[in-house]
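The values are calculated or read from the model by the stated rules, or taken from the named source; none is laboratory data. From a predicted model like this one, the values you see are computed outputs, not experimental measurements. Neighbour counts run over all protein chains shown; Cβ positions are idealised from the backbone, glycine included.
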């Protein structure tokens, strides 16, 4: 899998695009938790476009930006980096850390159990 890496600011911008499907600079700026100048948001979007993670289309006097990389692909790349850097390559240790989180609702744990059961059936 190709490694996909975002800086924290780029990840914030991508998250907005994934959640909303698209956005203008002004729309992205409005949704960011951090107060940034218009030009800073524009610069982040242009950098993401140079990296091939975003594209734009004209919309009136502005541009509308779209993610070109799927959220799942970016998540998989990020999890691989975390597994390697923090858990020394062990998916089991990473999973144990995740499920030990007492804040996880029971419903989410049950969905995780079903996903594991389905995966184990596939390998049988």
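Of the residues making up the range 81-111, those that are in contact with a helix residue (DSSP H, G or I) (Cβ under 7 Å, 6 or more places away or on another chain) and over 22 Å from residue 5 (Cα atoms) are 99, 109.
For the range 14-27, the condition holds for at least one residue, the condition being that it is under 30 Å from residue 94 (Cβ atoms), free of Cβ contacts under 8 Å to residues at least 24 places away in the same chain, surrounded by fewer than 16 Cβ atoms within 10 Å (Cβ to Cβ) and within 17 Å of the chain's Cα centre (by Cα). Exactly one residue among 6, 53 is within 30 Å of residue 96 (Cβ to Cβ) and buried (at least 18 other Cβ atoms within 10 Å of the Cβ), and that residue is 6. Highlighted here are the helices (runs of 4 or more DSSP H) found entirely within the range 48-124 that include at least 2 residues which are under 21 Å from the mean Cα position of the chain (by Cα), in contact (Cβ under 8 Å) with a residue 12 or more places away in the chain and outside the structural domain of residue 11 (by TED's automatic domain parsing): 91-99. Here is a check on your reading of the model: is residue 74 within 15 Å of residue 7 (Cα to Cα) and either touching a helix residue (DSSP H, G or I) at 6+ places or on another chain (Cβ under 8 Å) or at pLDDT below 95 (or both)? Spelling it out, residue 74 is indeed within 15 Å of residue 7 (Cα to Cα) and either touching a helix residue (DSSP H, G or I) at 6+ places or on another chain (Cβ under 8 Å) or at pLDDT below 95 (or both). Looking at the range 30-47, can you tell me whether even one residue there is under 15 Å from the mean Cα position of the chain (by Cα), surrounded by 15 or more Cβ atoms within 10 Å (Cβ to Cβ) and more than 23 Å from residue 3 (Cβ to Cβ)? Among the residues of the range 30-47, at least one is under 15 Å from the mean Cα position of the chain (by Cα), surrounded by 15 or more Cβ atoms within 10 Å (Cβ to Cβ) and more than 23 Å from residue 3 (Cβ to Cβ), which makes the answer yes. Taken together, the residues in the range 1-10 that are without any contact (Cβ under 8 Å) to a residue 24 or more places away in the chain and either farther than 17 Å from residue 69 by Cβ or not in a loop (DSSP other than H, G, I, E, B) (or both) amount to 1.
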